[in-house]
């Protein structure tokens, strides 16, 4: 897997509104969810609930984000 840097990636992401996030729960279960997102500068912004993805962030679990170009 390769980190993709802005601006080439940002230009593409500005044309897409749906992506997916993935992470592993504390029990090791993989979770992959579709998400709506927007760009704020170079940051991908995703609205989430207090559990799930936010819990993964709080506990320093790796989270992946991807979006397809249709």
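Odds and ends about this structure:
- Hits in the stretch 1-25 (condition: modelled with pLDDT of 85 or more and surrounded by fewer than 10 Cβ atoms within 10 Å (Cβ to Cβ)): 15
- Residue in the stretch 31-49 that is farther than 15 Å from residue 66 by Cβ, surrounded by 13 or more Cβ atoms within 10 Å (Cβ to Cβ) and at pLDDT below 80 present: yes
- The set of residues in the stretch 16-49 being part of a loop (DSSP other than H, G, I, E, B) and out of contact with any strand residue (DSSP E or B) (no Cβ under 9 Å at 6 or more places or on another chain) consists of 16, 26, 27, 28, 29, 41, 42, 49.
- Residue match in the stretch 50-59 (condition: surrounded by 10 or more Cβ atoms within 10 Å (Cβ to Cβ), touching a strand residue (DSSP E or B) at 6+ places or on another chain (Cβ under 6 Å) and either in contact (Cβ under 8 Å) with a residue 60 or more places away in the chain or part of a strand (DSSP E or B) (or both)): no
The values are calculated or read from the model by the stated rules, or taken from the named source; none is laboratory data. Just so we're clear, the structure is a prediction, and the values are computed from it rather than from any experiment. Cβ sites come from the backbone with ideal geometry, for glycine too, and all protein chains shown count toward neighbours.
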